[in-house]
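Below: one structure, written as structure tokens.
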Amino acid sequence: MSHVFPCLKKLVVHTLMDKYQNFCIEEAQYHIRRAQELLTDGLNDPKKYYEEGQAFYKVMAKMFPLIVLLQQCNEPQPHDRGTEDSLSGTQSSTQSDSDNSLFDTLPAH
């Protein structure tokens, strides 16, 4: 029964906090667990722990440009009216409106 009170207290505290405070608490808990892991598992075999960390960071360094590109593709692109207005003024007078309809139907990325 004594284990119920800490769980209940944690639930109440998390309910009363806003999402920013909750985020900070969860981040601190993550880093505390990582520090405990480093001080126990890491110090038991520091060379192995070091090599695993280096391998992980090498993979992440290779993937970082892809992650940035994917993030940029998922962000909504701002609509720049100034560029559109300046381009419409430079259209050839022989171009018809039907020539532009292809660009209106293409999805924006």
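Please treat every number below as a calculation from the coordinates, not as lab data. Predicted, not measured: the structure shown is a model, and the values here were computed from it. Every residue, glycine among them, receives a Cβ derived from its backbone with ideal geometry; neighbour counts consider all protein chains shown.
Here is how the numbers come out for the structure above:
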| item | result |
| --- | --- |
| Inter-probe distance in nm under a simple model that places probes 7 Å from Cα toward Cβ, at residue 52 and residue 16 | 3.8 nm |
| Principal axis dimensions, largest first and in whole angstrom, of the stretch 17-75 by Cα | 44, 37, 7 |
| Extension gain from residue 68 to residue 39, taking 0.36 nm per residue of separation minus the Cα-Cα distance | 7.2 nm |
